[in-house]
1. Running a GNM on the chain with Cα contacts under 10 Å, which residue among 16, 62, 53 ends up with the highest mean-square fluctuation?
2. Using only Cα atoms, find the angle between the long axis of helix 68-79 and the longest principal axis of the chain, and express it within 0 to 90 degrees, rounded to the nearest 10.
3. Taking the Cα of residue 46, stepping 7 Å toward and past its beta carbon, and measuring to each backbone N in segment 6-37: which are under 14 Å?
4. Report the calculated FRET efficiency for residue 53 and residue 2 (r = Cβ-Cβ distance, R0 = 30 Å), to the nearest 0.05.
5. Answer rounded, prolate or oblate for segment 45-86, using the Cα gyration tensor with square roots of eigenvalues a ≥ b ≥ c: rounded when a/c is under 1.5, else prolate when a/b is larger than b/c, else oblate.
6. Would you mind ranking 79, 60 so that the residue whose beta carbon has the fewest other beta carbons within 10 Å leads the list?
7. GNM, the chain, Cα, under 10 Å: largest mean-square fluctuation among 50, 74, 85?
8. Efficiency by 1/(1 + (r/R0)^6): what FRET value for residue 78 and residue 14, r their Cβ-Cβ distance, R0 = 25 Å, to the nearest 0.05?
Ligand SMILES: [Zn+2]
């Protein structure tokens, strides 16, 4: 498994008799799209909700999770105010230009 942000390898959470050691944080997110749902009641406004079209798990290593900028983006995605995937795609297309 690789960290979504730095590409570093992360290990599975290790369980010990005294507890466990976490090596990564998992954000369950994905591609979403706005969907409208018509309320059967008359004159009711259309219900709008975000439908998950492509679930994606974002793995963050402990180092990246400790990074305030990354943590902020994870929280933004989690709260639904911005998708971390869109930002990563922009970064990814830049990377593709390099050999
Ligand atoms: Zn990382």
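1. Ranking 16, 62, 53 by mean-square fluctuation puts 16 first.
2. 30
3. Correct set: 34-37.
4. Computed FRET efficiency for residue 53 and residue 2 comes out at 0.80.
5. prolate
6. Final ranking by Cβ density, sparse to dense: 79, 60.
7. Maximum among the listed residues: 50.
8. Rounded to the nearest 0.05, the efficiency is 0.50.
Read-outs: derived from the displayed coordinates by stated rules, not from any lab. Quick caveat: nothing in here was measured; it's all calculated off a predicted structure. Heads up, the Cβs are rebuilt from the backbone with ideal geometry, glycines too, and the neighbour counts pull from every protein chain shown.
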